[in-house]
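The values are calculated or read from the model by the stated rules, or taken from the named source; none is laboratory data. Treat the numbers as computed from the prediction; the structure is a model and nothing was measured. Neighbour counts are summed over all protein chains in view; Cβ atoms, including those assigned to glycine, are modelled from backbone coordinates with ideal geometry.
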Amino acid sequence: MSKPVYLPDNLVAVRPTLHSCRAIPNADVALRRALGAAIHQVSLGLVTADQDDSLYAALDHATKHANVQVVYARSFYAGASHASGPLSGEILGVLAAADPAEIEAGLAALREYLESTACFYTLADGVAKHKPAFFPHVIPETGDYLSDLAGIARGEALAYLIAPPVESVVGIDAALKAAPVRLCKYFGPPTETNFGGAYLTGSLPEVEAATAAFVDAIIDVARSPLAAARRSDRS
């Protein structure tokens, strides 16, 4: 997987692991109703992975390549390091469709996106003492799922920015100041996984510039987490 041009060279990709990927061609009607599927959506696709935000982005990608709808997607409390089982990971996502073939196509697109595009990053050795994991992800054209969550039109550019608590707040502030982007949705920490972040929209160059500023701010925090607590040399 090549690193996006808006990210610096001193980042290391932390690739997601898809823990389960199953299809139910003709799911029980009561279960479909409970998950939020429409009456005609008889087929379901279920996935779990160890990175919730990577999978949210991949679920959105699936809606651009198959006639599927994301009917259920939830992060698990505390994150993948505290998963409830060996296949739980950090999130469960469910696709629904009228045709099992569409579920198959949606799951294939999702898997390819996880393998090639969506992932967390951390800092390379020597950049800073602290190495937070964070999600500086740009989607040039959103699908149905993230468009609905962000309150934007399908096909708009989106910066999907997630980080640990302090890094997320400092990073989102830097991103908003770096380019004329709009804050669509803010995720104040703690979320289920104790991270925070936001969706930002604008033109593609604008969201890329905002994402670059987000990364720079996280690196600065990692290098100097106590910058504002330093003692003055003046007596």
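What number goes with the only condition from (1) assigned to a loop (DSSP other than H, G, I, E, B); (2) in contact with a Lys or Arg (Cβ under 9 Å, 6 or more places away or on another chain); (3) within 24 Å of Ile218 (Cα to Cα) that Gln41 does not pass?
Result: Gln41 passes all but (3).
Applying the selection to region 62-104, what residues are out of contact with any strand residue (DSSP E or B) (no Cβ under 9 Å at 6 or more places or on another chain) and either hydrophobic (A, V, I, L, M, F, W, C) or part of a helix (DSSP H, G or I) (or both)?
Hits for region 62-104 are Lys64, His65, Ala78, Ser81, His82.
How many residues are in contact with a Pro (Cβ under 6 Å, 6 or more places away or on another chain) and either at positive phi or modelled with pLDDT under 95 (or both) if we restrict to region 21-52?
0
Please tell me if Asp125 is assigned by TED's automatic domain parsing to the domain that holds Gly197 and of a type in the set (Asp, Glu).
Judged against the criteria, Asp125 is a match.
Taking the residues in region 1-20 that are polar (S, T, N, Q) and modelled with pLDDT of 95 or more as candidates, determine which candidate is farthest from Ile218 (Cα to Cα).
Among those residues, the one meeting the criterion is Ser20.
Please enumerate the residues belonging to region 1-26 that are surrounded by fewer than 17 Cβ atoms within 10 Å (Cβ to Cβ) and in a loop (DSSP other than H, G, I, E, B).
Those that are surrounded by fewer than 17 Cβ atoms within 10 Å (Cβ to Cβ) and in a loop (DSSP other than H, G, I, E, B): Met1, Ser2, Lys3, Pro4, Val5, Pro8, Asp9, Asn10, Arg15, Thr17, Pro25, Asn26.
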